[in-house]
Amino acid sequence: MKHDYTSVKNIYIICGKTDMRKGIDGLATLIQDSFELDPYGDSIFLFSGWSKDRYKCLYFDGDGFAMLYKRKRKIIPTCQPDGDRVII
C-alpha cells in the first residue's frame, strides 16, 4: 500500500496517554466521542502511549482505515500544548 500523505488536509496530534491496546474501531470512537472530529475525513490522527515510546497513526483513505504502529528505541520528548499548536 502506497499513498501520498502530503495532501492531507489536517494532522491531529492527540496529546496525553492513549490506551495503545485500542484498535481501529476504538481509536475512531475516541476521535468521535472525545474530540468531536470526523475520523472519516481527510485527516491523520497521531496517538501516543503511556511510556511515550509507542505511537499509532490512524487514517481513512476512502476505502478503509489504515493504522500504523511505531515503537521507538529511545523515548522522545513529550508533546506540550501551546495555544493553537503542539510543540514536540
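Computed from the coordinates by the stated procedures, all read-outs in this text should not be read as laboratory data. Note that the coordinates shown come from a computational prediction; the quantities given were computed from them, not determined experimentally. Cβ placement follows ideal geometry from the backbone for every residue including glycine, while neighbour counts extend to all protein chains displayed.
Would you mind stating whether residue 18 is of a type in the set (S, T, N, Q) and out of contact with any Leu (no Cβ under 9 Å at 6 or more places or on another chain)? No; evaluated as a whole, the condition is false for this residue. Within the stretch 2-44, take every residue that is over 13 Å from residue 65 (Cβ atoms) and among the aromatic types (Phe, Trp, Tyr) and give me the one that is nearest to the chain's Cα centre (by Cα). Top of the filtered list is 12. For beta carbons closer than 6 Å, sequence separation of 6+ or different chains, a first residue in the stretch 26-48 that is within 19 Å of residue 61 (Cβ to Cβ) and touching a residue at least 12 places away in the same chain (Cβ under 8 Å) and a second that is surrounded by fewer than 12 Cβ atoms within 10 Å (Cβ to Cβ) and of a type outside the set (Val, Ile, Thr), the qualifying pairs are 42/9; 43/10. Filtering the stretch 58-75 to residues that are small (Gly, Ala, Ser) and within 12 Å of the chain's Cα centre (by Cα) leaves only 66. For the stretch 52-73, taking the residues that are surrounded by 12 or more Cβ atoms within 10 Å (Cβ to Cβ) and basic (Lys, Arg), the one that is nearest to residue 29 (Cα to Cα) is identified as 56. Scanning the stretch 19-71 for residues that are among the acidic types (Asp, Glu) and touching a helix residue (DSSP H, G or I) at 6+ places or on another chain (Cβ under 8 Å), we see that the one that is farthest from residue 7 (Cα to Cα) is 19.
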